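*Asks:* Have a look at this one before I ask anything.
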Amino acid sequence: MEHMSNSFKNLTNRPDFKDRYNGLKKQVLNNQDVQAFLTKHSTEIEEGMIDRSLMKLFEFINQSKNCHDCPSLKECKNLLQGYHPHLVIQGRVIDLQYDKCPNKEAYDERKKHESLIKSMYIPKDILEAQFENIEVEIDETSRLKAISLAQDFVEQYNNGKRPKGLYLYGSFGVGKTYFLGAIANELASHKISSMLVYVPEFMRELKGSFQNSSLDEKLDLVKKIPVLMLDDLGAEAMSSWVRDEILGTILQYRMLENLPTFFSSNFDFKQLQHHLAFSQRGEEEPVKAARIMERIKHMAIPIELIGKNRRG
Ligand code: ADP
Ligand code: MG
C-alpha cells in the first residue's frame, strides 16, 4: 500500500501528471475483471466514482486473484499473503474486500485436519507431488494408464459425478504414495477436499484414542471427507477390531454415501484378502475378509504400478 500511495504522490507533483493519470485510468479500465464489475453494477456506478476509486482499482488489478499469479501460498504476491481482493461498492466509492484465497483455504483446511489426525502427516516431497512432474520411464505403461485414469477421475468429479477411485498396488518404492499425493494436490487445486491417511499409523493412533475419547471424532472426519486416500493398506497390524470396526465402518459409510476412496497397497486383491482374513492372534475369518474385499472392489479400479524402486 505504502509504495502505491507514494508513487501516486510523486505522480501528482510531476508536470506530466495528467498524461500519467489518464494512462493509469486506461490501464484500470482495460482490465477484464474491472470491466465485468462495472458492467454488472452499471446502474449503481455514478459519475466520478471511478475517478474517486482509481487507486483502489489500481491496487485491485495488480493483485493476484484466485491464485492465478501465485504458484503456491508461500509465493503469494499479494499485499496480504493468502488473501485476494474483490471489488465492492461502498457508498460513493469502489472499495476492495480481501478474502482467503483458494491456496490459503486449502492450507488452513489441511492444518485443521492435521491437528486432529497425526497419521495424516505427509512427507514434504509428496506434499509437492504434481501430475506434471510424475516421472515416467519408457517401459512404464502402467503408470501412464494410472495417470490417465486419475485425470479422468478429477475431470468427472469436477463435473459433479462420483467416479470410482483407484486401488494402486505394487512393490515398495514404485511411487504409490507419491501418486496419491499428486491426485490430492490436483483435487486441492480444484477446491476438492481430500485426505491422505497412512493406514498403519492411523490404526495405531485410533487404538490410542480410546483414552482421550477422540476416536469418534477422528473416525468421523475420515468417513466423511469428500475424497479419502488410504495409503499402505495391508501394512497395518490386523485384528478383527481394525478390520470390522474401523475399516469396515469407514468403507461401509463411504460406499453408501457414494464418497470416492483411493487405496495404495503392496498387496494385490488376493494377497490383501489373505491379510484381512488372519488376525495377529491367528484367528481365521474368511467371510469377514471377503466382505471388506467386496467393498474395496466396488469402490476402486485396481491398477498395478510397475517400475524401479525410487527410494534411496
Ligand atoms: P511407495 O509408496 O510405492 O513405496 P513412494 O511414493 O514413497 O513409493 O516413492 C518413493 C520415492 O520416490 C519418494 O521419495 C518419491 O518422492 C519418489 N517418487 C515416486 N514416484 C515418483 C515419480 N513418478 N517421479 C519422481 N519421484 C517419484
Ligand atoms: Mg508408500
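*Asks:* Would you please classify the overall shape of segment 4-104 from the alpha carbon gyration tensor, given that a ≥ b ≥ c denote the square roots of the eigenvalues, rounded means a/c under 1.5, and beyond that prolate means a/b larger than b/c while oblate covers the rest?
*Replies:* Oblate, since a/c reaches 1.5 and b/c is not below a/b.
*Asks:* Evaluate the distance, in nm, between pseudo-label points positioned 7 Å from the Cα of Lys112 and of Arg291 along their respective Cα→Cβ axes.
*Replies:* 3.3
*Asks:* May I pose another question? Please give the calculated 222 nm ellipticity per residue for the chain, where each DSSP H segment of at least 4 residues contributes -39500 (n - 2.57) and the sum is spread over every residue; nearest 500 deg cm²/dmol?
*Replies:* So the helix-based figure for the chain works out to -14500 deg cm²/dmol.
*Asks:* Next up: Roughly how big is the chain's charge dipole about its Cα centre, with Cβ charges of +1 (Lys, Arg) and -1 (Asp, Glu), in debye to the nearest 20?
*Replies:* Result for the chain is approximately 320 debye, rounded to the nearest 20.
*Asks:* Give the Debye-formula value of log10 I(q)/I(0) at each listed q (0.08, 0.13, 0.14 Å⁻¹), with one equal scatterer per alpha carbon of the chain, two decimals each.
*Replies:* -0.51, -0.94, -1.03
*Asks:* Considering only DSSP beta bridges where both residues belong to the chain, give the percentage that are antiparallel (nearest 5).
*Replies:* Counting only bridges with both partners in the chain, antiparallel ones make up about 35 percent.
*Asks:* Can you flag which of Lys104/Lys145; Lys74/Lys124; Lys74/Lys207; Lys145/Lys270 are past 24 Å Cα-Cα?
*Replies:* As for pairs spanning more than 24 Å Cα to Cα, those are Lys104/Lys145; Lys74/Lys207.
*Asks:* Going highest first, how would you order 255-263, 222-230 by mean Cβ packing within 10 Å?
*Replies:* 222-230, 255-263
*Asks:* At a Cα cut-off below 15 Å, give the aspartates and glutamates reachable from Lys26, other chains included and same-chain residues fewer than 8 away excluded.
*Replies:* Cross-link targets: Asp51, Glu59.
*Asks:* So, one more: In nm, to one decimal, how far is the modelled label at Gln130 from the one at Glu46, with both set 7 Å along Cα→Cβ?
*Replies:* 4.8
*Asks:* Hey, what did the chain get for relative contact order, percent, Cα under 8 Å, at least 6 apart?
*Replies:* It comes to 17 percent, rounded to a whole number.
*Asks:* Further, regarding this structure: What percent do you get for the relative contact order of segment 125-189 when only Cα pairs under 8 Å and 6+ apart count?
*Replies:* That works out to 58 percent.
*Asks:* Related question: Just order 52-62, 33-43 by mean Cβ neighbour count inside 10 Å, highest at the front, would you?
*Replies:* 52-62, 33-43
*Asks:* Kindly rank 169-180, 67-78 from highest to lowest mean number of other beta carbons found within 10 Å of each residue.
*Replies:* In decreasing order of mean packing, 169-180, 67-78 become 169-180, 67-78.
*Asks:* Residue farthest toward the positive end of the dipole of segment 36-137, with Cβ of Lys/Arg at +1 and Asp/Glu at -1: which of Ser42, His68, His113?
*Replies:* Of the candidates, His113 comes out farthest on the positive side.
Rule-based calculations on the coordinates, nothing more; no lab input. Predicted, not measured: the structure shown is a model, and the values here were computed from it. Every residue, glycine among them, receives a Cβ derived from its backbone with ideal geometry; neighbour counts consider all protein chains shown.
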